[in-house]
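Novice: Sharing a structure, written as structure tokens. Questions coming.
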Amino acid sequence: VLFSALLAEMEGLNKEDKRNLFAAAAFHDSGRGGLDGNDEHARLSAIQTLQYLEENPKNPFGISKDNIGIIQTAIHYHEYREKEYGKIDIEEINKLAEQYNVRKKDILKTQKICELLKDADALDRFRFANKARLNPEFLRSKSARSNGMIDFARNVNEAMAEQILKKIYN
């Protein structure tokens with residue numbers, strides 16, 4: 001969520017699109033269920049998000065019914081392996097957007113939210129021991145590819161890992 005918030009600000013998203021991105025970031029891995037090898041987690045996360053938002057129309061994100069499909073599309077897309085690294089697959093996003101009943105007028109904002117969620121998720125990979133998992137050339141947005149953002153992601157995740165290790169071993 002932190003990296004989503006920073007990217008949203010750097011990319012100049014409006015308030016509604018920020019809320020959609022934050023909700024997508026908050027729910028994007030909810031379908032994992034503790035199974036690291038669960039390839040279906042993105043689809044399951046999209047389903048869980050729909051259930052939550054339908055059951056909680058007055059949710060803390062301020063998400064309206066019209067925006068649920070945008071969020072589901074971004075969540076489902078976040079694990080999609082793009083044909084060309086560093087570029088979103090507009091055809092795949094449009095297919096998912098249709099599946100999740102995104103209004104035609106919201107397609108461009110949906111593509112942007114998909115792009116930023118994938119970038120935020122990638123920046124979060126610095127928290128894993130194998131830091132080589134993030135290749136900056138694969139990031140999609142100019143904001144995510146900036147040296148400042150990459151350095152910030154590395155520093156935040158290293159500091160967090162250090163705190164976790166201290167808690168475990170002290």
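Novice: Can you tell me how many residues within segment 91-131 are farther than 18 Å from ILE71 by Cβ and either at pLDDT 95 or above or open to solvent by 80 Å² or more (accessible area, probe 1.4 Å) (or both)?
Specialist: 5
Novice: Something else now. Among residues belonging to segment 76-97 that are free of Cβ contacts under 8 Å to residues at least 40 places away in the same chain and not in a helix (DSSP H, G or I), point out the one that is nearest to PHE22 (Cα to Cα).
Specialist: Applying the filter and picking the extreme gives TYR80.
Novice: What is the number of the single condition among (1) touching a residue at least 24 places away in the same chain (Cβ under 8 Å); (2) out of contact with any Gly (no Cβ under 7 Å at 6 or more places or on another chain) that ASN101 does not meet?
Specialist: (2)
Novice: Only one of (1) at pLDDT 95 or above; (2) of a type in the set (A, V, I, L, M, F, W, C); (3) open to solvent by less than 30 Å² (accessible area, probe 1.4 Å) is not met by LEU139, so which one is it?
Specialist: Only one criterion is unmet by LEU139, namely (1).
The values are calculated or read from the model by the stated rules, or taken from the named source; none is laboratory data. Given the structure is predicted, the values throughout are model-derived calculations rather than measurements. Virtual Cβ from ideal backbone geometry, glycine too; neighbours counted across all protein chains shown. Side chains included, ligands, DNA and RNA excluded: accessible areas come from the protein's heavy atoms. Shrake-Rupley method; radii C 1.70, N 1.55, O 1.52, S 1.80 Å.
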